[in-house]
């Protein structure tokens, strides 16, 4: 099974576009991530998992994402105590740019 030439003549690239797409789909995701840096966004990955947090940095290969996590107070002496916040942590994640399906900045 050797590669065969395109049966109808010419090349496989239609309209002079490489790979038939013309533009890289990652360029649009990259620009969207850059536009929404340091904003509260929802990041959706290709496998359907969504994360809510902040885009800290974007390069040509990765999206650096920060997810704040609020720790609530454990004591439940009265109703008001369950709403007291003891502190928070920031979980930092790195996602490959090709794994990002979309960014929603509706927050």
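The values are calculated or read from the model by the stated rules, or taken from the named source; none is laboratory data. Quick caveat: nothing in here was measured; it's all calculated off a predicted structure. Positions of Cβ are backbone-derived with ideal geometry, glycine not excepted, and every protein chain shown enters the neighbour counts.
At a glance:
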{"quantity": "Residue in segment 44-60 that is in a loop (DSSP other than H, G, I, E, B), at pLDDT 60 or above, surrounded by 10 or more Cβ atoms within 10 Å (Cβ to Cβ) and touching a strand residue (DSSP E or B) at 6+ places or on another chain (Cβ under 6 Å) present", "calculated": "yes"}
{"quantity": "Restricting segment 61-87 to residues that are assigned to a strand (DSSP E or B) and exposed (fewer than 10 other Cβ atoms within 10 Å of the Cβ), the residue that is modelled with the lowest pLDDT", "calculated": "85"}
{"quantity": "Sole exception among (1) in a helix (DSSP H, G or I); (2) modelled with pLDDT of 50 or more for residue 19, by number", "calculated": "(2)"}
